Amino acid sequence: MTRIFNSDRRDRCRADRPDPFPVDSLTRIDRPTTLIRDQEVPRVDERDGGFHKAALGHYGQRLQREYKRFVPKYPLSGALVSMAGALGPLVDVTGPAAEASATPWGASSWRPMPPMAEKRAPLPDDPSAMSRHIKETSYFLRADMVGICELPPYAVFTHSKATGAEVECDHKYAIAILVDQDWRTTSIFNGSDWISNSMSFLAYTTSGFIACILADYIRRLGYEARAHHAMNYQVVVPPILLWAGLGEMCRIGDIVLNPFLGPRFKAAIVTTDLPLAVDRPIDFGLQDFCSKCNKCAQACPSGAISDGDRVVSNGYEKWSTDVEKCTSMRVGNQQGSGCGTCIKVCPWNKPYTPFHRTINWSMRKMPFLRRMAVWGDDLLGYGKPDYQQQWWLDLEDVDGELQAPRPQGTGPRHG
Ligand code: SF4
Ligand code: SF4
């Protein structure tokens, strides 16, 4: 949705390339730069995620209590998650169970979606033409980046956390939709203050909105499609982003980092049987870059990010993170709502200006400049908050009453 205020990105799309970023300049490879032993990657149960464990009290009673309020305690993130919840049942024709959106922040009412068209539309036979059309449509709907891959079987959850039901999703293709969390706000906040969750849910909600519309559109063309978003996933997002050429795994654990947005995005997915041409994984040197840069590990307030080497776990060779520490910080943060400090400090979290495009190109193409890029980032003061530019209000819902929270920085709104 940030694109509404940044129409220049849409203007960057060209006749020969629908994407607003120069994805054709990226090095394409056959497999992701992260070693994935396909046969050893187990399907996972969505109920094993950190937030679900916090909700069930696995991380203690305080976090179990805080889980119910850690998003809506800030009014803007509360409004965003409320809208995300409304999208919960809109993922498919059967609108799988209104319970899917029965979050602690309020269930939405059941809204049946139109059935899939019985007769297929007369579409181009060429899967490349359809992929291009799907990307153009996604950008029209205000996506910031889009990639397509075949759906890896191990990317399908075994069970849904919302219903506990076994998940079945045998669609052949996955369309991944990225939405920017907003550069300007990441340049202002400190990473874990009151706007943090709003940035996450801006991108969760907007990418989910796009995915629900896109899936409905594909069903109207006569092909199966299901949207997957933060309020109703059936698939694990990171491996899809890797195979769809939207990034590489970075030091922040299970996070995929995009060469143009950095880690500053959230993703929604559409799975479908519409025949599509797929993208290939990319290599922009991030494994080497993260091995030389520890900024996220040094800045993480909970110590969740490893400053060591990659390890093999569940069939992936990647940096490990402590999910309990990260979840505890995000859910239990008493001086803000959520946490995105790792996103804030990452050298890849930059605006798309001519200057930063040049630095970005150097970081991708010139390995010997990478240490200097990390050093230069510190030197230029990136990663520090700029409260003089603060546009949001610091507010906290305490027992149903909005109060000025204890000040964390020097925010001008509250003395
Ligand atoms: Fe650490 Fe915060 Fe990032 Fe979690 S979100 S890994 S706590 S910096
Ligand atoms: Fe990699 Fe540095 Fe970004 Fe962490 S801060 S994800 S180490 S580039």
> How long is the gain from Glu317 to Val93 if the chain were fully straight, where each residue apart is worth 0.36 nm and the alpha carbon distance is subtracted?
Replying inline: 76.9 nm
> Give me the Kirkwood hydrodynamic radius of the chain in Å, from all C-alpha pairs, to one decimal place?
Replying inline: 21.8
>> Only Cα pairs within less than 10 Å get springs; with that Gaussian network setup on the chain, which residue of Phe51, Phe355, Phe21 has the largest fluctuation?
In response: Phe355
> Can you tell which of Tyr352, Tyr74, Tyr139 shows the greatest fluctuation in a Gaussian network model of the chain with Cα springs below 10 Å?
Replying inline: Tyr352
> Residue by residue through the range 320-327, which ³J(HN,Hα) values in whole Hz follow from phi under the Karplus form 6.51 cos²θ - 1.76 cosθ + 1.60 (θ = phi - 60°), with glycine and proline marked x?
Replying inline: 8, 10, 8, 4, 5, 5, 5, 4
>> Give me the one-decimal nm value for the distance between modelled label points at Tyr217 and Leu369, 7 Å along each residue's Cα-to-Cβ direction.
In response: 3.7
> Helix-derived [θ] at 222 nm for the chain: sum -39500 (n - 2.57) over DSSP H runs of at least 4, divide by residue count, nearest 500?
Replying inline: -9000 deg cm²/dmol
> According to the square roots a ≥ b ≥ c of the eigenvalues of the Cα gyration tensor, what is the shape class of the range 161-302, taking rounded for a/c under 1.5, prolate for a/b larger than b/c otherwise, and oblate for the remainder?
Replying inline: prolate
> For Leu35, which sequence-distant residues (separation of 5 or more, or a different chain) have an amide H within less than 5 Å of its own amide H, given hydrogens modelled in the peptide plane?
Replying inline: Glu317
> About the Cα centre of the range 304-415, what is the dipole size in debye to 20, counting +1 per Lys and Arg Cβ and -1 per Asp and Glu Cβ, all else neutral?
Replying inline: 780
>> Please give the charge dipole size of the chain, origin at the Cα centre, charges +1 on K and R Cβ atoms and -1 on D and E Cβ atoms. Round to the nearest 20 debye.
In response: 840
> Between Arg120 and Asp386, what FRET efficiency comes out of the Förster formula 1/(1 + (r/R0)^6) with R0 = 56 Å and r the beta carbon distance, rounded to 0.05?
Replying inline: 0.60
>> Quick check: net charge around Arg370, other residues with Cβ under 9 Å of its Cβ, Lys/Arg +1 and Asp/Glu -1?
In response: +1
> GNM, the chain, Cα, under 10 Å: largest mean-square fluctuation among Leu369, Leu63, Leu246?
Replying inline: Leu369
> How far, in nm, would the chain grow between Gln334 and Asp38 when pulled straight, counting 0.36 nm per residue and subtracting the alpha carbon separation?
Replying inline: 102.5 nm
> So between Ala129 and Glu150, what do we pick up on full extension, going 0.36 nm a residue minus the alpha carbon distance?
Replying inline: 5.9 nm
> With θ set to phi - 60° and the Karplus curve 6.51 cos²θ - 1.76 cosθ + 1.60, what are the ³J(HN,Hα) couplings of the range 164-180 in order, to the nearest whole Hz, using x for Gly and Pro?
Replying inline: x, 6, 5, 9, 10, 8, 10, 4, 7, 10, 10, 9, 9, 10, 9, 10, 5
>> Please report the net charge: other residues with Cβ closer than 12 Å to the Cβ of Asp273, K and R +1, D and E -1.
In response: +1
> Any idea which of Phe189, Tyr67, Ser131 is furthest toward the positive side of the dipole for the chain, if Lys and Arg beta-carbons carry +1 and Asp and Glu beta-carbons -1?
Replying inline: Phe189
>> From the phi angles alone, apply the Karplus equation (6.51, -1.76, 1.60; θ = phi - 60°) to the range 120-134 and give each ³J(HN,Hα) in whole Hz, x where the residue is Gly or Pro.
In response: 6, 6, x, 9, x, 6, 7, x, 5, 5, 6, 4, 4, 5, 5
>> Please list, ordered by chain and number, the residues whose modelled amide H lies under 5 Å from the amide H of Asn258; skip anything fewer than 5 residues away on the same chain.
In response: Arg264
> Does the range 263-388 come out rounded, prolate or oblate, given a ≥ b ≥ c as the square roots of the eigenvalues of its C-alpha gyration tensor, rounded meaning a/c under 1.5 and, failing that, prolate meaning a/b above b/c?
Replying inline: rounded
> Of the cross-linked pairs Lys53/Lys350; Lys172/Lys325; Lys292/Lys325, which ones have a Cα-Cα span greater than 30 Å in the structure shown?
Replying inline: Lys53/Lys350; Lys172/Lys325
> Taking amide hydrogens as modeled 1.01 Å from N in the peptide plane, which residues meet the under 5 Å criterion relative to Thr27, leaving out close sequence neighbours?
Replying inline: Asp283
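Any read-out appearing in this document is the output of simple, stated calculations on the displayed coordinates, not a laboratory observation. It should be emphasised that the depicted structure is a prediction, and the values quoted were computed from it without experimental measurement. Because the Cβ atoms are built from the backbone with ideal geometry, glycine has one as well, and the counts that use them run over all protein chains shown.
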